[in-house]
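Q: What follows is a single structure, and I will ask about it in a moment.
What follows is calculated from the coordinates using simple rules that are stated; it is not laboratory data. Computed from a predicted model, the values in this text were never measured in an experiment. In this analysis, Cβ positions are derived from the backbone assuming ideal geometry, glycine residues included, and neighbour counts consider all displayed protein chains.
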């Protein structure tokens, strides 16, 4: 069985189409089409019918081809270059270490609850809404008056 990539390459050669022309003819994005032609990707569920029509194949045949292409193309990921940070590595000298994303979830939720409550209080305050909706010159005047009393 031929690969999807080779079928597309043969079809492009037979019709004398460039990748850009073929992608436009299919109605798919050029970068996506190029990846499929190069064997780096397979069509997604929305576009596989377009590829099937272009190649005069059934969708089922093309799905099988795409699955076979994807399985044969899967390679182990390359190792990180030496000196790059990975899990458990120390930060470079002179740099602050990153804080953990985990943190205290309960404290974060409490902060969010407090912010929502404060927003609800402001939105229920008619004067605050009037000031927020006032034009810039009026807000500046209100700010000056508040500063005078503070």
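Q: Ranked by Cβ crowding within 10 angstrom, fewest neighbours first, how are 113, 139 ordered?
A: So the residues, fewest neighbours to most, are 113, 139.
Q: Between the alpha-carbon centers of segment 131-148 and segment 4-67, tell me the distance in whole angstrom.
A: What the calculation gives is 61 Å, centre to centre.
Q: Still on this structure, please answer the following. Rounded if a/c is under 1.5, else prolate if a/b is larger than b/c, else oblate: which is segment 4-73, with a ≥ b ≥ c the root eigenvalues of its Cα gyration tensor?
A: Details: a/c = 1.43, a/b = 1.34, b/c = 1.07.
Note, shape of segment 4-73 comes out rounded.
Q: With no solvent and one point on each alpha carbon, what is the Debye value of log10 I(q)/I(0) for segment 105-149 at q = 0.18, 0.20, 0.22, 0.28 Å⁻¹?
A: Ignoring solvent entirely, the Cα scatterers give -0.67, -0.73, -0.78, -0.92.
Q: Cβ neighbours within 10 Å, averaged per peptide: list 41-52, 17-28, 125-136 in order, most packed at the top.
A: The packing order, highest mean first, is 41-52, 17-28, 125-136.
Q: Shifting gears a bit: For the pair residue 139 and residue 119, what calculated FRET efficiency results from E = 1/(1 + (r/R0)^6), where r is the Cβ-Cβ distance and R0 = 25 Å, to the nearest 0.05?
A: 0.85
Q: If neighbour count is taken as other Cβ atoms inside 10 Å, put 149, 54 in order from fewest to most.
A: Neighbour counts put them in this order, fewest first: 149, 54.
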